[in-house]
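This report concerns only the one structure given below.
The values are calculated or read from the model by the stated rules, or taken from the named source; none is laboratory data. Quantities reported herein were computed from a predicted structural model and do not represent experimental measurements. Don't worry about glycine lacking a Cβ; one is built from the backbone with ideal geometry, like all the others, and counts go over all protein chains shown. For accessibility, only protein heavy atoms count, side chains too; no ligands or nucleic acids. Shrake-Rupley method; radii C 1.70, N 1.55, O 1.52, S 1.80 Å.
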Amino acid sequence: MKMILVRKFRVLILMVFLVACTMHIMIDLLPKLEKRATRSDGDLGCSCTHNLNEDSQGWGKQRPKNTAESVWPNKHTLRILQDFSSDPSSNLTSHSLEKITGVLDKTESFKKLDQREMIKDLNSKQLIHDGNIKIHPGMGYSRLAALFQHPLYKSNIPDLTEDDVLFNVNSDIRFNPKASENQEWQNVANEGNGDEQFLPTGEAHVDSYPNWLKFHIGINRYELYSRQNPAIVGLLQDLCSQKITSVAMKSGGTQLKLIMTFHNYGQALFKPMKQTREQETPPDFFYFSDYERHNAEIAAFHLDRILDFRRVPPVAGRLVNMTREIRDITRDKKLWRTFFISPANNICFYGECSYYCSTEHALCGKPDQIEGSLAAFLPDLSLAKRKTWRNPWRRSYHKRKKADWEVDADYCEEVKQTPPYDSGTRLLDVIDMTVFDFLMGNMDRHHYETFEKFGNETFIIHLDNGRGFGKYSHDELSILVPLNQCCRIKKSTYLRLQLLAKEEYKLSGLMEESLMLDKVAPVLYQPHLEAMDRRLRIVLKAVSDCIEKNSYENVVENDLDSGLGNKTTKR
């Protein structure tokens, strides 16, 4: 009798296992069946467009709409070219990409209802590209377009060798950043011609790659992206319009961040809105316990581009449906379990993190719409390793203890004798980052990263800017200590700062115009824009004081005449 019961139990376990396997297979097949049923009904898929100029031609020839997903690059290639955060340790918890079989939700095209929308359209076409500016009658004067036509924004980087580009693309393929703007990757699932889109090797042609992959291919020793790279404009559009297919929490960090994967296999880091734009950081808050602001990430990208550093990955604002675009598609059970309905009948969630992840600090929608920033990922660390450096002027992150630079007036002399600051442009790049942070009021620059392939002779990546733009009524002068102690600055940076202080190129006006392009505009509270003008004058005064004390030649490093990255820092 006992043996019979044991056998029956084993049979029962086997049956349960077979039923579970059958259900799993059916779940996997269901989306494909739905997709076929949808296509049989005549639906051509995504109707949304990311074309910035309907009259412009694409990177390649127009493709007839007669194939499905035939021109997508290899799935494995797409997977490994993604990075799951700015933190090298984050790859330990990366989630595998999955093939998307659903149909994109239909979205409306941009509507030019007023003059502001017309200016947005103009700038979106001419923000990155060089060429003749054509301001349409009645649209007003574009300071931003005029700025990017200034000679200071026309300097060229040295000729690139194989060692100067992050990815060596096949020699038969030429990534042309000056190519036309029209990006059609979002429609490749429903269109394409195999003969035109594949190389003799069977690999997809660069022109058929999505904008995020073109962004990765364009990275080199001297810049994260070029001024003329049309993929950046397309990528910004993708961030705010591509269908979100999966969501997961990013491991580590003090505050909640989400990893969002899109229909075109691109990924971005989502920082949800925690504070309104007019809320200032309380004066008694420590910098390391302050909220991260989603709008600061957006504004930092635009400021970095206006300063012509181009070291911040593309960031765009977006309104996200918490129910349909987060809760219903996430496979992260820890995230899913934190969703609840508030007494005001709004959808809320709080996730898991070191700080501010509790019901008391829940993120609530209105009723389920939440605003946030989406930052494009850098290439995956398995392909493009990055080195993390400790900022020499890192704060103590202690309530009572001070850092060495706060008590030693000659601290910079020690830094100048320490690699990699004893040669090359690294110290000058840190000064650039100092100016960038001071204009934003960002005190949280404890580390920075560089691409390992380029060694010490490369730019600093300006990542994680969420604690900027917290105070508009206070200028944190301690951020400028590296500039005041070292009295060094690049000539290109100094000249651009002087240009942005002029009335016709006023920094606040340029930022306001540039931020109008974003979906969640206005991005910054007006006093923050005015504060940047005030801080710019403080920076110029600091440089002027250094010149008066040490002479122009000993303060301003001429990086314009001899090329980027080839000058040796003077001690």
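For S473 and E504, a Förster radius of 35 Å and the Cβ-Cβ distance give a FRET efficiency of 0.80, rounded to the nearest 0.05. Only protein heavy atoms count here; under a 1.4 Å probe, I370 has an accessible surface of about 10 Å². Which of the residue pairs K274/K402; K250/K333; K250/K385; K502/K541; K399/K471; K271/K506 have a Cα-Cα distance greater than 23 Å in the structure shown? With Cα atoms farther than 23 Å apart: K274/K402; K271/K506.
Between I157 and D404, residue separation times 0.36 nm minus the direct Cα-Cα distance comes to 85.3 nm. With the simple spin-label model, which puts each label point 7 Å out from Cα in the Cβ direction, the F17 to N456 separation comes to 6.0 nm. Once backbone amide H atoms are built at 1.01 Å from N, Q369 has M322 as its partners under 5 Å, excluding neighbours fewer than 5 places away on the same chain. Each peptide in 161-168, 459-466, 348-355 receives the mean, over its residues, of other Cβ atoms within 10 Å, and ordering these scores from highest gives 459-466, 348-355, 161-168. Once you reduce the range 467-522 and the range 238-265 to the center of their Cα atoms, the two points are 29 Å from each other. Binning the alpha carbon pair distances of the range 234-301 at 5 angstrom intervals from zero yields the distribution 3, 14, 21, 23, 18, 11, 6, 4, 1, expressed in whole percent.
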